[in-house]
Amino acid sequence: MKWVYYITAIALSISALYYTFTNVPFHSIWEYSLSIDYRWVFISTLINLLSFLIRAYRWKIIVNEIHPLKFNMAYHLTAIAFMMNSMLPGRLGEIARPIILNKRNAIPIPAGLTTVVTERLFDIIILCLLYLVVIMYVDIEPNYEMSIGNFTLSHNLLSSVAVHFFWGFLLFIFCIISLNIESVKSLIKICLNSVSNFFYFAGDRIQGMIERNFIHPVIKIIDHVSNGFSFFKRPSVIMHCFFLSMTLWVLIAVSNYLMTFGCKNMDVTFFEMCAFMVIICFFISLPSVPGAWGLWEAGGIFALTIFGVDKQDATGFTIVNHATQLFPVIVAGIISVFITGISIRTSR
């Protein structure tokens, strides 16, 4: 239920924000922000924006498998979606893109939604691979723990989240492959069409209502979803998207690493910053307020303090890092709204 999600999100975010600012005065964070060499922050932001362009191009390739989509529109819709995720609860931006695609390009919403899901699948693959790299090349204290409210964060918890992501990914891939096998899809349709026969005692009228209002819509959704995932039959497209996904996340890791050059007391390696990025992504996968405020900071502080960074420095760096990731996306989304004339109210 939505209210459960929102209450959980607010509780987690408040707890994370409380931890973030415990024993770290605001004036210390302000002083830290003044000590930063913002030339490196600017370079880092530019690289992040480049990664965002790659993200939009990757989505364009995925959507093109079901309907032609120009890059400029793919970019604008991606920017608007990420802006909505940053400003509205419930990750509404993920739903906005399929809705806008349906209105602008007549792409069925289930098919459009599969393109967004496919994006996330590629992201999960890369994050799991990067986590394996982190385990291999980064020395993480296995017994290190950090408490946020009633939650205890640890290396074991992160490993458990990564494993669940991986197995969930394998299960989802199995379902996708099954839906794209015609014999399996035909069997599913046969089973669905036979559902109304179980209501023979209710008469032809009730059976007809079940077929019209349940069976036929579900079969239609299955066809749209199968069509949306049809690109999995093309290895060249899969490899192209995989390469773009790897490039995207490496650029994000590079941007995080370069930002450390402009921040004091940030003596960390590139692979440790990869761990910083992966850990934050795992944290913000939990329910949170818009923009993942609180959980982002908690994840960043947790990661950096593992590698010996003082909590005050870790807090200052993570807040600046979060802001440089979030605010440019919000600005880009607002600009895209004005350029395209898309109404956020009607896309929700």
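Bear in mind that the values in this text are calculations on the coordinates, not laboratory data. As the structure is a computational prediction, the values presented were derived from the model and not from experiment. When we count neighbours, we look across all protein chains shown, and the Cβ atoms used for this are built from the backbone with ideal geometry, even at glycine.
Packing here is the average count of other Cβ atoms within 10 Å per residue, and on that basis the peptides 31-41, 122-132, highest first, run 122-132, 31-41. Note on I181/I238: beta-carbon distance plugged into 1/(1 + (r/R0)^6) with R0 of 22 Å gives a FRET efficiency of 0.85.
Determine, for H27, H76, the number of other Cβ atoms within 10 Å of each Cβ, and report the residues in order from fewest to most.
H27, H76
Taken along the Cα-to-beta-carbon direction at a fixed 7 Å, the label points for M209 and N64 span 4.8 nm.
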